[in-house]
Amino acid sequence: MKLTIQWKLMASYLCLLLFIGGAFFVYLNHTLTTHLAHEIQENLKSESRLARMVAAREIRDMRRDAPAAAAAISRETRARVTVVLEGGEVVADSDIAPQYLGTLENHANRPEVRQALEQGGGAAVRYSATIKTPMLYVATVLNTTEGERGVLRLSLPLTAVEKAKQSIRTLLGASLAVSLVVALLLSYLLSRLTSRSLRTITTLATQLGRGDYGRRIPVITRDEVGELARVMNEMASQIERNLARISAEKNRLDTILRGMGEGLMVSDAGGTVTLVNPAFLDLFGLTQSVEGRQIIEIARFPELHETFRAVVSSRSEHVEEMTLPLGDEKQVLTHWVPLMEEDELRGVVAVFHDISDLKRLEVVRRDFVANVSHELRTPVTVIKGYAEALAGGLVEEDPERAGRFLEIICSHSERLADLIRDLLTLSQLESGGLQLELTQIHLDRAVSHAAGLLEQKAARKEIAIDISALAGAPPVLADPGRLEQVLINLMDNALKYTPPGGTITLSADEADGMVRVSVHDTGIGIPPKDLPRIFERFYRVDAARSRDEGGTGLGLSIVKHIIQLHGGNITVESEHGKGTTFRFTLRKA
C-alpha cells in the first residue's frame, strides 16, 4: 500500500503525540501514585501521633482500657487501630472483638512494631494474615500514665490506595484519549495544509516528466516548501527554454542534414550507426532505418570497413577515394573524422561525396579535348599538306593535279568550318545565351520542308522518307530555325546509317499537353553499350563511317540541348541491326 505524504505527516504527528502522551502518562502515574502513597502514609503517621496522645490520656490499664480507646480512635480516623504490649501481645484491635484477641499471633516480630519499640515510630506495607488483605501499617510507642509501655498501630487496607490509583489512571487515560482525538483532527488538518503544496509540486514534477512545462506552482508561503515551489518553477522555466533551444537546434540540424547533398554517417567507437541523413540512404540504396545496426550490416564493402578501422586505430582524420559497386559503380570521396572527448574515442563521423558525375565529366572533358584535337588536326593537316604542295610549284607543273588538291582543300575547309560552327552553336546552347523565337508551327509543314532539303541525298541512297503519319498532328510552340535544325540532324543521321532501300518514318502523338515526335529508321541500329553515351559530344558509334559521311560528332548533342531549351526531352530506342527510333517532345501550341 502506497502512503501519501499527508498520511505520513499525520502518522508522524500521532506517533510524536503518542510518545509524549505515553511518557506523560507513565510519569504522572508514577508521580501521583508515589505522592498518594506518601501522603496517605504521612497522614496516617499524623493520625497515629494524635491517636497516641488520646490513648495516653484515656488508657491507664492496657488490658482494660485499650479496647475501648482503640474503637473510639478507629471511628474517628476510619483506620484499623491495634494496641500491642511491649512483649508483642495484642490487647486491643478495632476490627476484632475483645474475646477473640487471645487467638491472635504475637506481634513482637512485626517490622513496624519492632521499629516503633526501637526508634519510637515505624511503618510497613505487607499482607495481613488476620484480615487477608495488603495493609499499610504505621506504629508509634505508647506510654500510659501508669508507666506501661506498648505500641499503638494504625493501619489502612491498600485496596483504597489501589482504588485511588485506578481513579488517577482512568482520569489520565481519558485525558490522553481526548488529546488523541483532538490531535487526530489537528494533525489531519495540519498535514493536509502542509502536503497541499507538496502535492502540487508532485503534480508539476509528474507533468515535467511527461513533457508539459507550461504549469507553474503558486508560491503562497515563504518557508522551505515555498522556496521549493519557487525553485521548481525556475527549473521548469529553464527546462522549457533549454528544450525550445534544443528543439530549434535539432530542427536546424535536421534541415541541414536533409538538405546536404553529401551522405553523412555517425557511428560509435564500436561501429554501431547512430545517425544518417537521407543522402546517405539514397547513396547506398537503403530504404529502412539503419540506426542501431553495425556498419558491416548495411554496407558490405571491404574498403569502407578498412578505412573505419584505420580511423579508430589512428584516431586521426582520413580522406579516401573509393569505388563502391552500388548498382552502377560509384566513385565516392569519403572524409572520416574521429569524435574525441577528453582523449577518449566516442565515435566516428563520415561524409560521403558522390563524385561519379565529376569523374564522368572529367572523362567527357578529356574525350572532348582529344576529339576536338583530332577533329581539328585532320583537316588542318590535310589543308596544310596540300597547300604546301601547291606552294611548291605544283600549279605550274601539273595544273590538273593541282585542281584536285584545291578541291580537297576546299572540302576540308568546309568540314573545318562546319566543326567550328557546331562548336559555337553548342557553346551558345550550353551557356544559355541563345534566345529562342517561339511561334506556332505546324509539324507536317516543318517536317515536309526539312525532308525536302534532304530529298536528293535520300534519292541517291534509295531511302524513302514517310511523313504521312503527321497529317493532322497538333501544332507545337517552337523556334522555326532550331526545330528545322533538330529535324535535319535526326533525319540526316537516319540517312547515314540506313542501308539502300530502307525507310525513315516520322509520326507524332499528344500526351499531357506535349507533342511527342518520333523519327524511326530501318538502319543498322545502335549497340546497347553505346546507347547511354549517344548524346555526348564527339561520341560516334562508327567513327570511320561518320567521318566519311561528313559528320562532326556534335549533331545529337546539339539536338538534345535544343530540345531541352524548348522545355522538352529526347530519348532513343534501338535494336542492333533492326533500326533506331528517336523521340522528342515539344509543348503543344
| task | Pick out the one residue from LEU483, LEU490, LEU477 that is open to solvent by 50 Å² or more (accessible area, probe 1.4 Å) and in contact (Cβ under 8 Å) with a residue 60 or more places away in the chain. | result | LEU477
| query | All but one of (1) among the acidic types (Asp, Glu); (2) under 16 Å from GLY568 (Cβ atoms); (3) in a loop (DSSP other than H, G, I, E, B) hold for GLU484; which doesn't? | reply | (3)
| field | Verdict on THR82 being over 13 Å from ARG153 (Cα atoms), of a type in the set (Ser, Thr, Tyr) and over 60 Å from the mean Cα position of the chain (by Cα) | value | no
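Residue-wise test of (1) assigned to a strand (DSSP E or B); (2) among the aliphatic types (A, V, I, L, M).
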position	(1), (2)
THR274	yes, no
GLU291	no, no
SER313	no, no
GLU320	yes, no
PRO325	yes, no
LEU339	yes, yes
GLU362	no, no
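Of the residues ALA72, ALA116, ALA97, ALA79, which is touching a Leu at 6+ places or on another chain (Cβ under 9 Å) and farther than 28 Å from GLN166 by Cα?
Values: ALA72 fails: touching a Leu at 6+ places or on another chain (Cβ under 9 Å); ALA97 fails: touching a Leu at 6+ places or on another chain (Cβ under 9 Å); ALA79 fails: farther than 28 Å from GLN166 by Cα.
The match here is ALA116.
Considering only the stretch 50-71, state which residues are aliphatic (A, V, I, L, M), in a helix (DSSP H, G or I) and open to solvent by less than 40 Å² (accessible area, probe 1.4 Å). So that I can check it myself, show each step before the final result.
To start, the set of residues in the stretch 50-71 that are aliphatic (A, V, I, L, M) comprises 50-51, 53-56, 59, 62, 66, 68-71.
After this cut, where a residue has to be in a helix (DSSP H, G or I) as well, the list is 50-51, 53-56, 62, 66, 68-71.
The answer is ALA51, ALA55, ALA56, MET62, ALA66, ALA69, ALA70, ALA71.
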| query | Is it fair to say LEU490 is at pLDDT below 85, within 27 Å of LYS588 (Cα to Cα) and out of contact with any Gly (no Cβ under 8 Å at 6 or more places or on another chain)? | reply | no
| note | Residue count, the stretch 140-168, condition farther than 25 Å from ARG78 by Cα and not hydroxyl-bearing (Ser, Thr, Tyr), comes to 3
| remark: Of the residues in the stretch 146-178 that are touching a helix residue (DSSP H, G or I) at 6+ places or on another chain (Cβ under 7 Å) and modelled with pLDDT under 75, the one that is least open to solvent (accessible area, probe 1.4 Å) is VAL161
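With GLU118, GLU86, GLU112 as the choices, which residue is over 19 Å from GLU148 (Cβ atoms) and of a type outside the set (A, V, I, L, M)?
Result of the check over GLU118, GLU86, GLU112: GLU112.
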| said: Looking at MET10 and the list (1) among the aliphatic types (A, V, I, L, M); (2) in contact with a Ser or Thr (Cβ under 9 Å, 6 or more places away or on another chain); (3) at pLDDT 70 or above, which single condition is not satisfied? | reply: (3)
| remark: Scanning the stretch 332-352 for residues that are touching an Asp or Glu at 6+ places or on another chain (Cβ under 8 Å), under 18 Å from ILE298 (Cα atoms) and open to solvent by 20 Å² or more (accessible area, probe 1.4 Å) gives VAL351
| message | Take the conditions outside any helix (DSSP H, G or I), modelled with pLDDT of 80 or more, hydrophobic (A, V, I, L, M, F, W, C) and farther than 13 Å from LEU152 by Cα and apply them to ILE96. Does it pass? | response | yes
| message | Just checking, does the stretch 33-49 include any residue being in contact with an Asp or Glu (Cβ under 7 Å, 6 or more places away or on another chain), assigned to a helix (DSSP H, G or I) and open to solvent by less than 20 Å² (accessible area, probe 1.4 Å)? | response | no
| query | For residues in the stretch 228-272 being part of a helix (DSSP H, G or I) and of a type in the set (Gly, Ala, Ser), which is modelled with the highest pLDDT? | reply | ALA248
| Test set (1) closer than 19 Å to VAL266 by Cβ; (2) open to solvent by 30 Å² or more (accessible area, probe 1.4 Å) - PHE308 fails condition number | (2)
| field | Residue list for the stretch 293-311, restricted to those being polar (S, T, N, Q) and in a helix (DSSP H, G or I) | value | THR307
| query | Do you know which residues across the stretch 328-346 are closer than 15 Å to ALA310 by Cβ and in contact with a Ser or Thr (Cβ under 8 Å, 6 or more places away or on another chain)? | reply | THR334, TRP336, PRO338
| query | Which is at pLDDT below 75 and within 17 Å of ILE383 (Cβ to Cβ), of LEU424, LEU419, LEU434, LEU429? | reply | LEU419
| message | Cβ-Cβ under 6 Å, sequence separation 6+ or interchain: first residue in the stretch 252-279 and more than 21 Å from ILE355 (Cβ to Cβ) and open to solvent by less than 20 Å² (accessible area, probe 1.4 Å), partner outside any loop (DSSP other than H, G, I, E, B) and not β-branched (Val, Ile, Thr). Which pairs? | response | SER267/GLY347; GLY271/GLN294; VAL273/SER267
| query | Taking the stated definitions as given, is ASP509 acidic (Asp, Glu) and either under 17 Å from HIS449 (Cα atoms) or part of a loop (DSSP other than H, G, I, E, B) (or both)? | reply | no
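Could you please find all residues in the stretch 59-74 being basic (Lys, Arg) and touching a residue at least 12 places away in the same chain (Cβ under 8 Å)?
Initially, the stretch 59-74 is screened for residues basic (Lys, Arg), giving 60, 63-64.
Hits for the stretch 59-74 are ARG60, ARG63.
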| task | Hey, could you check the stretch 116-133 for residues that are open to solvent by 60 Å² or more (accessible area, probe 1.4 Å) and not in a loop (DSSP other than H, G, I, E, B) and say which is nearest to ILE40 (Cα to Cα)? | result | VAL125
| Lone unmet requirement of (1) open to solvent by less than 40 Å² (accessible area, probe 1.4 Å); (2) farther than 26 Å from LYS461 by Cβ; (3) at pLDDT below 80 for GLY553 | (2)
| Subset of the stretch 311-323 [buried (at least 16 other Cβ atoms within 10 Å of the Cβ) and either free of Cβ contacts under 8 Å to residues at least 24 places away in the same chain or of a type in the set (Gly, Ala, Ser) (or both)] | HIS318, GLU320, MET322
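The values are calculated or read from the model by the stated rules, or taken from the named source; none is laboratory data. Keep in mind it's a predicted model, so treat the numbers as computed, not measured. Here the Cβ is made from the backbone with ideal geometry for all residues, glycine too, and neighbour counts use every protein chain on show. The accessibility values were calculated without ligands, DNA or RNA, using every heavy atom of the protein model including side chains. Shrake-Rupley method; radii C 1.70, N 1.55, O 1.52, S 1.80 Å.
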